[in-house]
Amino acid sequence: MKFYVNPKNRYLEVFAEGIEGIITFPTWVPGSYIIRELERNIIEIEGIRVGKNRFYVKDKFRYLVQAMSRDPREAIATNDYLFINPPAVFPFHEIEEEYCVRINTNWIVHTTLKRVGDWFCSENYNEFADSPIQASPKLKLIEIDSYHKISTIDDLDESFVNSLGKCLKEINRNIFMNSTSEEYIFFFKRSDSNFGGIEHEKSSSIVTSWDYKDLISLFVHEYFHRYNGKKIKPKDLKINYESETYTELLWVVEGLTDYISLVVPLRTKVTTVENTLNYIANVLAWLTFPGIRRMSLAESSYTTWIKYYRRDNNFANVSVSYYQLGMVIGLIMDLEMIENGNSIYDLFKELYKIKEYTYDNVRQVAEKLGVKNLDELVFSRNPPIFDRLSKYFEITFIDKDTPYYGMIMDGKKVTFVEDNSPADLAGIIQGDEIIGVNGLAFSNKRLEYKENLRLTIDREGRLIEIVLHPAKNPGHNLVIKGKGDLFKQWSDFEYGEGKSDIKII
Ligand SMILES: [Zn+2]
């Protein structure tokens, strides 16, 4: 199929050419585990609707797509910027046929699609869908090294680009043995909110807020997906553009990638050991809430479509993130492998040989490298992560047994209530706004710990009174300390310490 794209303000007009028959618009984009209903953006089409996202069309047809999403998983067209994640705009007829696109613009255009005259092409829809297009009169190409570039309309300072270069070199040289010399592009843009990144085999698209803190880890995470998630992936993670696809291994794809994006900046010394351990401490602190006792890592992979990607402010009570728990399992695996003279890098070297792996492959390779009983970490609800980490780190819960109500607040608003905490037992729910304490107006300060704290709460516009009694904190915030030979081998530092700062009261 061929698509001639006419960008307009907030819309894309597309003239398509193919074979008469049924075309399908994807309902989701690979790498993002939610049915996005992208076909909702089709607003005019020359064709007969034969389903929610399917049309019968002649060999030539015109359609109009709404393109006003800042999300790098979708598409946006403005008077000075264009970004297209292809599955959000282009339908397919047969997966295995050539797909080409031409953009009617004199702007600078960047894409990893193959240039053929004025057209950008790929051999099949899967590759086409995996190749975003970015255009703007202000578009720049920042060179990281001869193979890696950043395409952006914004600025990135030189020290960031140098640090990123060191991390990419570490991944290519020490994990994947310089196995590819294909060009790779980071499509980057700042926005008014943080959308994170989405991986592709030859590129990634990253949109963050202006004040986003840990840009290096995010770039490294998306880059590592070039391998883990694209060149190597779970055997059962098949792409079907119209329905959910299930695997119990998203913790390998995402959690271990998160671990790599933590440890590579540490080993290349572009971040400090303190930053790294602070991050780990915070992730561990989130894993002290009830969700981890209700869902295993493998289960969280299946339920991501209905839980993680649709999470609400009760998530920490009811589920677990395969990013967070997967990252911690990566840390445990790496330390146990290092103790046996190997490392998690060896795991990826082995998986790279297998390409499409199963859980048994992962377990067998991990076992060979020194990890015993991976099953209990992956399949148990409430896996013994603190037990297994205690061999390598000293972990102390600093708020254990201190007074606590068991809620998190944003100003006057309650944003989280821990199950079975004093706040829960007293009847507080997320969304409650505390407007009075013991008969006085609540001034937005931290709540004091007092017996019989009388709260006046605005719930949905009605006033209610709730009496709150503090109890002992079960222990959430923690300090993690590392030292000794193995810590040195892991971090290349003699000593390190990190602290979590979850604002639970
Ligand atoms: Zn990812």
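The values are calculated or read from the model by the stated rules, or taken from the named source; none is laboratory data. Since the structure is predicted, the reported quantities are computational estimates derived from the model, not experimental observations. With ideal geometry, Cβ positions are generated from the backbone for all residues, glycine too; neighbour counts draw on all protein chains shown.
Quick look at the values:
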quantity	calculated
Odd one out for Pro384, checked against (1) in contact (Cβ under 8 Å) with a residue 24 or more places away in the chain; (2) in the same structural domain as Phe289 (by TED's automatic domain parsing)	(1)
Residues of segment 387-425 satisfying the condition of being without any contact (Cβ under 8 Å) to a residue 12 or more places away in the chain and among the aliphatic types (A, V, I, L, M)	Leu425
Given (1) of a type in the set (Lys, Arg); (2) surrounded by 13 or more Cβ atoms within 10 Å (Cβ to Cβ); (3) touching a residue at least 60 places away in the same chain (Cβ under 8 Å), number of the condition Lys472 does not satisfy	(2)
Positions within segment 206-220 being away from the ligand (no atom under 12 Å from the Cβ) and touching a strand residue (DSSP E or B) at 6+ places or on another chain (Cβ under 6 Å), in sequence order	Val207, Trp210
Residues of segment 115-155 classified as farther than 25 Å from Phe219 by Cβ and assigned to a strand (DSSP E or B), total	4
Strands (runs of 3 or more DSSP E) completely within segment 1-109 that count 3 or more residues being free of Cβ contacts under 8 Å to residues at least 60 places away in the same chain and farther than 30 Å from Arg310 by Cα	11-17, 60-66
Test: Ala285 is in contact with a His (Cβ under 8 Å, 6 or more places away or on another chain) and under 30 Å from Ala423 (Cβ atoms)	yes
Those residues of segment 235-279 which are within 23 Å of Thr27 (Cβ to Cβ), within 16 Å of the ligand (Cβ to nearest atom) and charged (D, E, K, R), in sequence order	Glu254
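Quick grid of which residues meet (1) away from the ligand (no atom under 14 Å from the Cβ); (2) without any contact (Cβ under 8 Å) to a residue 24 or more places away in the chain:
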| position | (1), (2) |
| --- | --- |
| Leu141 | yes, no |
| Val161 | yes, yes |
| Gly165 | yes, yes |
| Glu222 | no, no |
